[in-house]
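The values are calculated or read from the model by the stated rules, or taken from the named source; none is laboratory data. In this text the structure is predicted, and so the values were computed from the model without any measurement. Glycine also receives a Cβ, built like all others from the backbone with ideal geometry; neighbour counts cover every protein chain displayed. SASA here: full protein model, heavy atoms, side chains in, ligands and nucleic acids out. Shrake-Rupley method; radii C 1.70, N 1.55, O 1.52, S 1.80 Å.
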Amino acid sequence: MASGNVFTHRHILGMEQLSREDISYILATADSFKEISTRTIKKVPTLRGHTVINLFFEPSTRTRLSFEVAAKRMSADTFNISSSTSSTTKGETLADTARNIAAMHPDIIIIRHSCAGTPLLLTRYVEAAVINAGDGAHEHPSQGLLDLMTVKEHRGTLGGLKIAIVGDIAHSRVARSDIIGFTRMGSAVHIYGPAPLIPKGIDLLGATVCASLEEAVRDADVVMTLRIQRERQNDPLLPSLREYACQFGISRRVLSLAKPDAIVMHPGPVNRGVELPPEVADGPQSVILDQVTNGVAVRMALLYLVMGTA
């Protein structure tokens, strides 16, 4: 845990491992790095001579680019490996891939994989620090942290807030990380979505399952929508995209139920006209691009902190 100015986590595998003190320390560190991205020369020598590998077995734009930008702004040598260019396409096991990467002596490996628990598995084969960039429907800790940072910036606190999360909760690693993070910092998380997409036991993480969209959003300080996964639309238990937009989309009318100064968030990518209409996604209450900006700062902080435990 973080104690005073000490951070002792070698790996970042999930929000679940982080205490309130850890989270506060990470966010304070991220805040100190944020101004680097506004400089004319956006580079500091903090990680010069260190090697960072992005090992992504699932598609990603924001997360992968954000980690790469973060590493390069700290002067690290950065390399990207995707599933299509790795030897796993030739039948190599993940364990063998890990062993071969480890033989090149990287300092940090950032991994995204469709199977929950893969980052933890990776730690058994490498000496490098491992950062989870999303594992199956388990967790996405850096996204959870950047969401916390964004809310704190706009609301001034992370305690005593009502956070509404609407959408595909069952398949969302972001939802899990956010529920854990916000409840740990003292806020109440209310969730709503199509019944087949609300997993049993989600309340055990601290979330309140709402019976209606109105109940979830009413008097909320933060309204977060999650991507409806179009690839699952063949499921007869799920509504069509048009039905989804009508029943679960955050229109201006629905948003008016939240507090007047409520902020609108989305981890991306946004299905415009489905989860959010353009007038809300691009409206004055939207902080979606602030989330992206804060993603670089948070990931710079994580790279810096795990290297400090080496």
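Remark on residue 190: its backbone amide H falls under 5 Å from those of 163, 164, 165, 208, a criterion applied only to residues 5 or more positions apart or on other chains, H modelled at 1.01 Å from N.
Looking at the chain, the DSSP beta bridges with both ends there are about 5 percent antiparallel. Highest mean packing comes first when the peptides 111-117, 151-157 are listed by Cβ atoms within 10 Å, giving 111-117, 151-157.
Averaging 1/r over every pair of different alpha carbons in the range 69-193 and inverting the result gives a Kirkwood radius of 16.4 Å. Computed over protein heavy atoms with a 1.4 Å probe, the accessible surface of the range 1-141 works out to 48 Å² per residue.
Could you compute how much accessible surface residue 218 exposes when probed at 1.4 Å, giving the result in Å² to the nearest 10? Rounded to the nearest 10, that gives 110 Å².
Checking the cross-link pairs 72/162; 42/259; 162/200 against a 27 Å limit on the alpha carbon distance flags 72/162; 42/259 as lying beyond it.
When the chain is treated as a Gaussian network with alpha carbon springs shorter than 10 Å, the biggest mean-square fluctuation among 78, 40, 97 belongs to 40. Sequence-ordered 3J(HN,Hα) estimates for the range 102-116 from the Karplus curve with 6.51, -1.76 and 1.60 and θ = phi - 60° stand at 4, 5, 8, 6, x, 9, 9, 10, 9, 10, 10, 8, 6, 9, 4 Hz, glycine and proline given as x. Reducing the range 233-308 and the range 1-77 to their Cα centroids gives an inter-centroid distance of 23 Å. Projecting label points 7 angstrom from Cα along Cα→Cβ for residue 77 and residue 208 puts them 5.3 nm apart.
Summing charges over all other residues whose Cβ lies under 9 Å from the Cβ of residue 161, with Lys and Arg as +1 and Asp and Glu as -1, gives +1. What's the carbon and sulfur percent of the chain's accessible surface, probe 1.4 angstrom, rounded to a whole number? That share works out to 52 percent. The GNM of the chain, with springs linking C-alpha atoms under 10 angstrom apart, assigns the highest mean-square fluctuation among 200, 34, 259 to 200. Taken along its principal axes, the alpha carbon cloud of the range 261-310 reaches lengths of 46, 23, 13 Å, longest axis first. Under a 5 Å amide H cut-off, with hydrogens placed 1.01 Å from N, residue 80 pairs with 54 among residues at least 5 apart or on other chains. Divided by 2.2 N^0.38 Å, where N counts the residues, the Cα radius of gyration of the chain comes to 0.99. Under 18 Å of direct C-alpha separation, and excluding same-chain neighbours fewer than eight residues apart, residue 34 reaches these aspartates and glutamates: 68, 147, 153, 290.
So which residue, out of 255, 204, 289, gets the largest mean-square fluctuation from a GNM of the chain using Cα contacts under 10 Å as springs? Maximum among the listed residues: 204. Beta bridges assigned by DSSP with both partners in the range 1-147 are antiparallel in approximately 10 percent of cases. Inverting the pair-averaged 1/r between distinct Cα atoms of the range 198-294 gives 14.3 Å as its Kirkwood hydrodynamic radius.
Evaluating 6.51 cos²θ - 1.76 cosθ + 1.60 at θ = phi - 60° for every residue in the range 167-177, the Karplus couplings come out as x, 7, 6, 4, 9, 9, 5, 5, 4, 5, 5 Hz, glycine and proline recorded as x. Here the sum of -39500 (n - 2.57) over DSSP H runs of 4 or more residues, divided by the residues of the chain, equals -10500 deg cm²/dmol at 222 nm, to the nearest 500.
Summarising the amide proton neighbourhood of residue 286: residues at separation of 5 or more, or on other chains, whose placed amide H is nearer than 5 Å comprise 264.
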